[in-house]
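Enquirer: This is the structure, below, for whatever I ask next.
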Amino acid sequence: MGNQNVTIILVHGAWGDGSHWRHVITNLHAEGYTVRSVQNPLTSAEDDIQKTKDLIDLQAGKVILVGHSYGGAVISAAGHHEKVAGLVYIAAFAPDKGESLGGIFGRREPPSGAANLVPDEKGFLWIKYDKFHESFAQDLDEKDAIAMSLAQKPTHGSIFSAEAGEPAWKTKPSWYQVSDNDHMIPPVTQQEMAERINARKIIHLEASHASLATHPNEITALIKEAVEAVS
C-alpha cells in the first residue's frame, strides 16, 4: 500500500484551488500514499512559490511536486528545495530562466479560452463565469464545471509577466501529461515544454485543461510512477 517515505504535494494552477485535485487526492489516499494539496493565494508568483515551499518544509522525507497549469511554474521554482526528488507537470507551464508565461503564450495564436479572460480593477484576471466550462473544462460534467466556475480563484495579472528563475527541472527528474484538447494552453506548446524538460515520460490524454479532474486515474498512475522512480 502506497509509499510512506515520499510525500506528494499537489500544486493547483490559476483560477483554481486545492480542491481541483479532489479525485486524485482520494485515489492516492486510498492507496496509502501521503498526499497534501497546497492552497496558493494567486496574488503573485513570489507568494505562491513561498506558500508551496512552506508546505514542503512541513514534510518529513522526500517530496514529489505535482503542478497543474500555472502550478508548473511554481514547482519549477519551489523544486530547488532539498527535499524535492521529482516534478510532475499536468498540462502545465515549465518556463526556463528569464521566460514569462505571457511570453510562452505569445509564441503562437492564443487558445480560445484566452478570449474569455477579464481583468478587475485590482489587476486580477477572471474567466467569465458563463465561459468557464467551454474554456477550462469542456469534458467535465456540467454541475462540476459550474461549481469550479463559480468558486474560481482570481489570478493576479503580474503572474503572467513575472520572469522565471533557474528551473528545478534542469536538475530534478520530471514527468509530463499533455492535454490534447486544451483550450487554455495550446497542446503543441505543452508538447514543446515536455520535450524541453527532457521528461522521463510524456503521456497524452484526450482531455481539456482540467485533466486532473476529468482523468484522475491516469494522472494518479503517472504520479505513482514518479514516486516509485525516486524511492
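The values are calculated or read from the model by the stated rules, or taken from the named source; none is laboratory data. Nothing here was measured: the structure is a model prediction, and the numbers come from that model. Note that each Cβ is placed from the backbone with ideal geometry, even for glycine, and that neighbours are counted across all protein chains shown. Only protein heavy atoms, including side chains, enter the accessible area calculation; ligands, DNA and RNA are left aside. Shrake-Rupley method; radii C 1.70, N 1.55, O 1.52, S 1.80 Å.
Enquirer: Scan segment 19-44 for residues that are open to solvent by 20 Å² or more (accessible area, probe 1.4 Å), in a helix (DSSP H, G or I) and within 29 Å of Ile159 (Cβ to Cβ) and jot them down.
Expert: Within segment 19-44, Ser19, Arg22, His23, Ile25, Thr26, Asn27 qualify.
Enquirer: Going residue by residue through segment 84-100, is there one that turns out to be touching a residue at least 12 places away in the same chain (Cβ under 8 Å) and either in a helix (DSSP H, G or I) or of a type in the set (S, T, N, Q) (or both)?
Expert: Yes.
Enquirer: Grab the strands (runs of 3 or more DSSP E) fully contained in segment 113-187, keeping just those with 2 or more residues being hydroxyl-bearing (Ser, Thr, Tyr). Before the answer, list the steps.
Expert: Values: elements: 117-119, 124-127, 174-179.
The strands (runs of 3 or more DSSP E) meeting that bar are 174-179.
Enquirer: Let me ask something else about it. Starting from residues that are under 18 Å from Leu65 (Cα atoms) and part of a strand (DSSP E or B), keep the ones in segment 199-225 and report whichever is least open to solvent (accessible area, probe 1.4 Å).
Expert: So the residue we want is Ile203.
Enquirer: Of all the residues that make up segment 153-180, how many are open to solvent by 10 Å² or more (accessible area, probe 1.4 Å) and either more than 28 Å from Lys201 (Cβ to Cβ) or within 16 Å of the chain's Cα centre (by Cα) (or both)?
Expert: The number of residues fulfilling the criteria is 12.
Enquirer: Now for a separate question. With the structure loaded, tell me whether Lys153 is touching a strand residue (DSSP E or B) at 6+ places or on another chain (Cβ under 6 Å) and either hydroxyl-bearing (Ser, Thr, Tyr) or in contact (Cβ under 8 Å) with a residue 40 or more places away in the chain (or both) or whether it fails that test.
Expert: no
Enquirer: Follow-up question, since we're still on this one. Would segment 115-125 turn up any residue that is touching an Asp or Glu at 6+ places or on another chain (Cβ under 7 Å) and touching a residue at least 24 places away in the same chain (Cβ under 8 Å)?
Expert: Initially, segment 115-125 is screened for residues touching an Asp or Glu at 6+ places or on another chain (Cβ under 7 Å), giving none.
No: zero hits.
Enquirer: Let me ask something else. Look at segment 167-217 and say how many of its residues are of a type in the set (D, E, K, R) and more than 25 Å from Pro110 (Cβ to Cβ).
Expert: 4
Enquirer: Any residue at all in segment 57-77 that's closer than 23 Å to Asn198 by Cβ, among the charged types (D, E, K, R) and either modelled with pLDDT of 95 or more or not in a helix (DSSP H, G or I) (or both)?
Expert: yes
Enquirer: Tally up the residues in segment 49-82 that are charged (D, E, K, R), surrounded by 17 or more Cβ atoms within 10 Å (Cβ to Cβ) and free of Cβ contacts under 8 Å to residues at least 40 places away in the same chain, please.
Expert: Adding up the residues that qualify gives 2.
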